[in-house]
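Worksheet for the structure shown next.
The values are calculated or read from the model by the stated rules, or taken from the named source; none is laboratory data. Just so it is clear, the model here is predicted, and its values are computed rather than measured. Using ideal geometry, Cβ is built from the backbone for each residue, glycine included, and neighbour counts are taken over all protein chains shown. Side chains included, ligands, DNA and RNA excluded: accessible areas come from the protein's heavy atoms. Shrake-Rupley method; radii C 1.70, N 1.55, O 1.52, S 1.80 Å.
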Amino acid sequence: MGIESMKQLNIWITGASSGIGKACALTLAGAGHHVLASARSQDALAELAEEAQGLNGSVSTLPCDVTDVASITRCVEWISDRWTGLDVVIPNAGIGYFDPLENAKIEEWHAMVDVNVTGVLNTLHATLPLLLASKGHVVNIGSLAARQVFPNSGIYCATKHAVLAISESLRTEFKGQLAVTTLNPGAVNTPFIDRTTNDELRANYRPQFDVGMTPEYVAEAALFAVESRGRGIVSELTIRPDTRD
Ligand code: NJP
């Protein structure tokens, strides 16, 4: 649907300094929407703002650590002060540390739960009043790992199963009041895997991500979902790399 016939949406994306979040910010603003892009890396946010110059819509940036409620509150205050409402939230910030369970590093397990689960909950809790007022849309970023459990990433899979359960809970309790989408991508070529501290696994997995989907392809799926109002709701969408030659 072209922007001529589509309302300009006000959209907040977390974890927008790189990868899928950044691609969503540029794609959604390119389609004419207004985006607040947040993350911790202020230099990367400044680059994003620069790249977004001249798009049909707009990209504003604000630092935000999703594990910090005060930081989330500042973003919601920014939205309330500048926008007439919030139509879409994409709690995209997420991290993965791959390792077999027997090598468990408890600080890495905690970090994944803090960002992928608590961070999503912090974002949703703070935005729900605005989203209910606009009968808006939550686009959670799940994963194939929301539906399957893979070796070497068991706790990451657990966090993404939680994200899917959170989506389904919102969808069930706010039927008729919110649209809820869970995007479940397979491997996407972003810096995601580079965080893994197990050198051997990081080196082994990197090639799978190199030939993964582009973050822009995932962003196109997000655009399709958020522009579907009045026609249908994409409740869950799984997208996998096309491995055909
Ligand atoms: O990863 P990456 P992706 N507070 O590393 C931010 C899921 N996913 O784009 O804060 C706020 O490029 C970080 O920014 P910064 C995955 O689980 C991926 O691939 O500046 N933000 C950066 O912008 C995740 O939910 C694949 O460091 C925080 C962003 O998160 C989503 O896709 C497959 C933060 C991460 O960008 C985006 O990941 C799949 C915090 N505390 C699902 N900590 C895949 N790539 O293959 C980190 O199924 N961030």
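Take the conditions more than 23 Å from Ala219 (Cα to Cα) and either within 16 Å of the ligand (Cβ to nearest atom) or surrounded by fewer than 18 Cβ atoms within 10 Å (Cβ to Cβ) (or both) and apply them to Ala37. Does it pass?
When the stated conditions are applied, Ala37 does not pass them.
Which numbered condition trips up Val117, out of (1) of a type outside the set (Gly, Ala, Ser); (2) surrounded by fewer than 20 Cβ atoms within 10 Å (Cβ to Cβ); (3) more than 18 Å from the chain's Cα centre (by Cα)?
So Val117 meets the others, but not (3).
Identify, by number, the condition in (1) touching a residue at least 24 places away in the same chain (Cβ under 8 Å); (2) more than 16 Å from the ligand (Cβ to nearest atom) that Pro63 doesn't meet.
Among (1) touching a residue at least 24 places away in the same chain (Cβ under 8 Å); (2) more than 16 Å from the ligand (Cβ to nearest atom), Pro63 violates only (2).
Looking at the stretch 156-189 only, could you name the residues that are open to solvent by less than 40 Å² (accessible area, probe 1.4 Å) and farther than 18 Å from Leu237 by Cβ?
Within the stretch 156-189, Tyr156, Cys157, Thr159, Ala162 meet the criteria.
Read through the list (1) in contact (Cβ under 8 Å) with a residue 24 or more places away in the chain; (2) of a type in the set (S, T, N, Q); (3) open to solvent by less than 20 Å² (accessible area, probe 1.4 Å), then give the number of the only condition that Thr73 fails.
So the condition that Thr73 fails would be (3).
Against the definition (open to solvent by 20 Å² or more (accessible area, probe 1.4 Å) and in contact with a Pro (Cβ under 9 Å, 6 or more places away or on another chain)), how does Pro100 come out, yes or no?
Yes.
Picking from Ser228, Ser153, which residue would you name as being modelled with pLDDT of 95 or more and closer than 30 Å to Glu102 by Cα?
Ser153
Within the bounds of the stretch 5-12, is there any residue that is more than 16 Å from the ligand (Cβ to nearest atom) and among the aromatic types (Phe, Trp, Tyr)?
Within the stretch 5-12, not a single residue is more than 16 Å from the ligand (Cβ to nearest atom) and among the aromatic types (Phe, Trp, Tyr).
If His33 satisfies all but one of (1) free of Cβ contacts under 8 Å to residues at least 40 places away in the same chain; (2) out of contact with any Pro (no Cβ under 7 Å at 6 or more places or on another chain), what's the number of the condition it fails?
(1)
Of all residues in the stretch 65-103, how many are charged (D, E, K, R), within 16 Å of Asn122 (Cα to Cα) and in contact with a Lys or Arg (Cβ under 9 Å, 6 or more places away or on another chain)?
1
Taking interchain pairs and intrachain pairs at least six residues apart, which have beta carbon atoms under 7 angstrom, with the first residue in the stretch 151-163 and without any contact (Cβ under 8 Å) to a residue 24 or more places away in the chain and the second open to solvent by 10 Å² or more (accessible area, probe 1.4 Å) and more than 10 Å from the ligand (Cβ to nearest atom)?
Filtered contacts from the stretch 151-163: Cys157/Val149; Cys157/Phe150.
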